[in-house]
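Have a look at the structure below, then the notes.
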Amino acid sequence: MSEVVRISREGEVAIVEIDNPPVNATSQAVRRALLDAVQRAQSESETRAIVIAGAGRTFTAGGDISEFGKPPREPHLPDVINRIEESGKPIVVAWHGTALGGGCEIGLGAHKRIITKDGLIGLPEVKLGLLPGAGGTQRLPRLIGPVAALDLIATGRMVGAEEALRIGLVDAIAETDLRREAVALARSLIGQMQPRLSLQATPAAEPEAWQAMVDRVNREAKGRIAPLRAIELVSQSLTLAFGVAQANERRAFFELMSSDQSLALRHIFSAERETGKRPELSSARPRDISHIGIIGAGTMGSGIAVAFLDAGFRVTLVEADESALQAGVERVSGLYQRSIRSGRMDDATRVARLALLNPTTEMAKLAETGLVIEAVFEDMAIKLELMKQLGRLLPASTLVASNTSYLDLEQMADALPGPERFLGLHFFSPAHVMKLVEVVRARRTSPEAVATGLAIARKLKKIAVVTGVCEGFIGNRILAKFRAQCEFMLEEGALPREIDIAMEGFGLAMGPFAVQDLAGLDIAYARRKRLAATRTPDERDVPLVDRLVEEGRLGQKAGRGWYLYDNGKRSADPAVDAIIRMHAAGSGRPQRNFNAADIQNRIVAAMVNEGAKILGEGIAARAFEIDLVLVHGYGFPAWRGGPMHYADRVGLKNILSIAKTAAMRDGKGFEVAPLLEDLAQSQRRFADLDAN
Ligand code: 3HC
Ligand code: NAI
């Protein structure tokens with residue numbers, strides 16, 4: 001018997017335990033050993049019932065992702081689960097930690113299910129662009145009904161023990177000792193006929209509830225194919241024999257496995273786990289910090305404070321004066337109130353979190369903290385003054401970070417005694433929600449400071465990407481190119497809504513002009529003014545934002561920006577169209593019609609081009625980090641894998657080597673995007689560059 005599955009015994013109950021760290025994935029070795037163990041327990045006369053459990057921190061995270069895309073090897077999980085279900089001796093599954101994907105499906109094959117109070121169950125395959133491939137789409141509807149099953153399969157959300165009991169996904173919640181209670185449950189089933197889900201009919205759905213769920217899944221799919229296949233397969237549980245539908249499920253699983261969408265989502269899954277592993281930091285020990293300081297309790301400071309409080313850090317929050325401090329504390333409380341109103345938090349948790357907050361106007365209090373993050377106004381003079389002050393107040397070992405979006409971190413480091421302890425921690429708004437943090441390494445930042453930034457991001461359950469210093473770091477630098485292309489297209493005949501519709505069709509949650517209206521056009525305006533002094537005459541510049549802001553079109557908050565707003569409802573503004581058309585006519589640029597593909601390709605090419613330069617310059621070390629930034633910070637659809645992965649898939653295979661060669665050749669990277677009509681043209685251009 002392989003060591004990945006062990007058998008022990010409690011009297012007449014055999015305990016089959018999966019032990020395949022770190023997450024007991026159902027690899028080929030586990031499937032083989034599980035099948036052998038179950039068959040052995042069935043043939044032993046002293047065994048009258050079986051418990052299947054998991055060792056370590058989790059029952060099982062499901063299919064072994066490292067085997068995906070390779071030819072499947074026997075025994076296949078659906079067959080193993082069918083054998084479990086057919087067992088004449090009762091089989092109980094004991095779930096703890098997470099029972100995901102194949103781990104959940106093993107439980108659906110068992111005759112009863114018991115879970116720990118903090119256990120989580122789910123079929124998250126859709127998040128990898130897949131569907132359950134071992135009977136989940138057929139057994140789950142039979143167990144909990146088709147509506148609830150479609151909800152879980154199409155969203156991939158995990159359910160806790162209480163909900164699982166309520167919807168009938170588990171039979172019991174263990175009070176104190178999962179193993180002992182699972183054995184008792186198994187023993188109580190001895191001698192009875194065991195229920196087999198595959199032989200039962202799926203309970204009929206309430207037609208309206210089913211239609212409402214189907215509509216919701218269709219609406220939320222937004223370009224993803226796996227949720228749509230989930231509708232099809234769960235429907236089949238109502239109309240087809242189990243065996244027929246299970247074969248269809250298996251076929252759909254492998255079709256999806258080779259789809260671009262699944263490849264992209266698996267790329268993001270592994271990128272999320274790789275980003276924190278940096279060989280150059282392997283000898284740097286992150287500091288153990290439990291108390292942090294934040295300066296500035298505005299939009300960002302208050303959100304950052306909540307992110308740290310939620311992760312159990314003590315937070316000293318400093319504001320310039322008493323009234324700003326009060327406003328800041330109210331902002332923090334407001335964020336918690338919102339969580340309570342939406343049912344995501346109870347009052348006791350809110351009180352416990354706020355007990356860790358120490359609001360003050362005394363900068364000296366920051367001396368007690370291990371890391372100070374500044375989130376004051378985006379104004380270099382204020383930030384430089386602050387660095388000098390911190391140099392005087394803090395022990396020389398205290399780490400200092402800036403949340404600046406665009407200002408030069410090297411200049412700030414110059415002002416701080418001990419620049420090796422200085423780094424950027426660039427959070428995204430709202431900081432307690434957005435998963436991305438750019439950890440910015442300035443020229444003199446120590447490996448220890450970077451490693452600490454990464455470790456802290458992990459504690460906050462955020463995804464951290466290390467970036468070098470440049471205007472806008474990785475994300476905002478690419479965003480600037482994206483936005484520039486949008487405005488160039490306005491100058492060449494496109495309208496904001498055409499661009500927004502095209503990009504929403506590409507998979508962005510919101511088009512770029514609608515986003516700018518939401519954030520306020522004054523932000524782009526201020527940045528344009530700041531950059532005006534350094535703009536060279538040969539740089540293409542479209543001053544439409546200036547025109548709109550100067551007419552008071554500041555965006556949604558003013559009721560008008562690129563669009564008109566009436567009670568939050570957006571509509572096109574003929575006056576804005578007229579401004580754009582007049583500007584375009586006066587620009588002397590040839591006018592054309594843009595279709596959605598033209599728009600999408602041009603924008604993505606600009607992002608890819610800038611991404612390639614960022615890599616060439618060493619601002620990002622690895623292409624997948626750029627993908628993570630765009631997916632987690634800017635709403636680039638994860639199912640397209642981020643711009644660099646997407647470019648690779650659509651054919652720009654040589655992009656990395658080209659970026660490097662070009663960057664080495666002329667020292668400043670390469671500039672193709674402005675010349676592009678679409679990606680096909682870009683591909684030819686890359687080929688030309690390659691040939692030269
Ligand atoms: N297969 C192989 N390795 C896996 C894995 C899986 N299903 N799930 C996680 N791992 C690995 C991770 O890559 C990571 O490896 P590393 O230490 O080398 O980086 C390690 O396990 C720990 O994972 P996390 O860092 O993600 O640990 P967390 O504690 O934060 O999260 C988790 C644990 C919730 C289980 C999370 O890893 C997760 O969501 N995993 C994916 C679950 C999933 O999608 N399962 C469905 C698979 S498809 C399937 O089951 C097909 C079936 O229907 C036939
Ligand atoms: P904000 O204007 O909402 O808040 C700034 C706060 O800093 C104010 O409450 C102000 O009273 C306080 N402050 C100013 N000087 C101070 C001082 N000397 N001591 C103590 N407090 C002081 O600004 P916001 O939007 O929170 O931005 C803060 C920083 O975060 C900026 O550098 C900005 O570029 C960056 N950022 C902003 C994002 C956003 O979406 N708003 C996103 C990411 C970064």
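Structure data summary
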read-out	value
Listing of helices (runs of 4 or more DSSP H) fully contained in segment 605-692 that carry 2 or more residues being at pLDDT below 50	655-666, 679-691
Any hit, segment 487-510, residues being over 23 Å from Ala605 (Cα atoms), touching a residue at least 60 places away in the same chain (Cβ under 8 Å), in a loop (DSSP other than H, G, I, E, B) and hydrophobic (A, V, I, L, M, F, W, C)	no
Counted residues, segment 271-287 - those being crowded, with 16+ Cβ neighbours inside 10 Å and polar (S, T, N, Q)	1
Some residue of segment 471-482 being over 30 Å from Arg540 (Cα atoms) and either in a strand (DSSP E or B) or of a type in the set (Lys, Arg) (or both)	no
Check on Ala597, under 22 Å from Phe488 (Cβ atoms), modelled with pLDDT under 95 and of a type in the set (A, V, I, L, M)	yes
Tally, over segment 612-636, of residues that are under 17 Å from Lys462 (Cβ atoms) and among the acidic types (Asp, Glu)	2
Residue match in segment 411-422 (condition: more than 12 Å from ligand 2 (Cβ to nearest atom), touching a His at 6+ places or on another chain (Cβ under 9 Å) and in the same structural domain as Met345 (by TED's automatic domain parsing))	no
Check on Thr47, within 15 Å of ligand 1 (Cβ to nearest atom) and either of a type in the set (Val, Ile, Thr) or touching a strand residue (DSSP E or B) at 6+ places or on another chain (Cβ under 6 Å) (or both)	no
Residue count for segment 323-370, restricted to those that are within 24 Å of Ser290 (Cβ to Cβ) and within 16 Å of ligand 2 (Cβ to nearest atom)	19
Residue pairs meeting the criteria (Cβ under 9 Å; at least 6 apart or on separate chains; first over 23 Å from Arg350 (Cβ atoms) and in the same structural domain as Arg353 (by TED's automatic domain parsing), in segment 312-324; second among the hydroxyl-bearing types (Ser, Thr, Tyr) and in a loop (DSSP other than H, G, I, E, B))	Ala320/Thr361; Asp321/Thr361; Glu322/Thr361
Enumeration of residues in segment 433-462 that are part of a loop (DSSP other than H, G, I, E, B) and closer than 23 Å to Ser302 by Cα	Val433, Met434, Lys435, Leu460, Lys461, Lys462
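Conditions tested, residue by residue: (1) within 17 Å of Leu140 (Cβ to Cβ); (2) within 16 Å of ligand 1 (Cβ to nearest atom); (3) in contact with a strand residue (DSSP E or B) (Cβ under 6 Å, 6 or more places away or on another chain).
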{"residue": "Leu152", "(1), (2), (3)": "yes, yes, no"}
{"residue": "Thr155", "(1), (2), (3)": "yes, yes, no"}
{"residue": "Glu162", "(1), (2), (3)": "no, no, no"}
{"residue": "Ile167", "(1), (2), (3)": "yes, no, no"}
{"residue": "Val170", "(1), (2), (3)": "yes, no, yes"}
{"residue": "Ala174", "(1), (2), (3)": "no, no, yes"}
{"residue": "Arg179", "(1), (2), (3)": "no, no, no"}
{"residue": "Leu185", "(1), (2), (3)": "no, no, yes"}
{"residue": "Ala201", "(1), (2), (3)": "yes, no, no"}
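Conditions (1) surrounded by fewer than 22 Cβ atoms within 10 Å (Cβ to Cβ); (2) free of Cβ contacts under 8 Å to residues at least 24 places away in the same chain; (3) within 16 Å of ligand 2 (Cβ to nearest atom); (4) within 21 Å of Glu232 (Cβ to Cβ), marked per residue:
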position: Phe59; (1), (2), (3), (4): no, no, no, no
position: Glu85; (1), (2), (3), (4): yes, no, no, no
position: His96; (1), (2), (3), (4): no, no, no, no
position: Leu130; (1), (2), (3), (4): no, no, no, yes
position: Thr137; (1), (2), (3), (4): no, no, no, yes
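The values are calculated or read from the model by the stated rules, or taken from the named source; none is laboratory data. Bear in mind that the values here come from a model prediction, so they are computed numbers and not experimental data. Because the Cβ atoms are built from the backbone with ideal geometry, glycine has one as well, and the counts that use them run over all protein chains shown.
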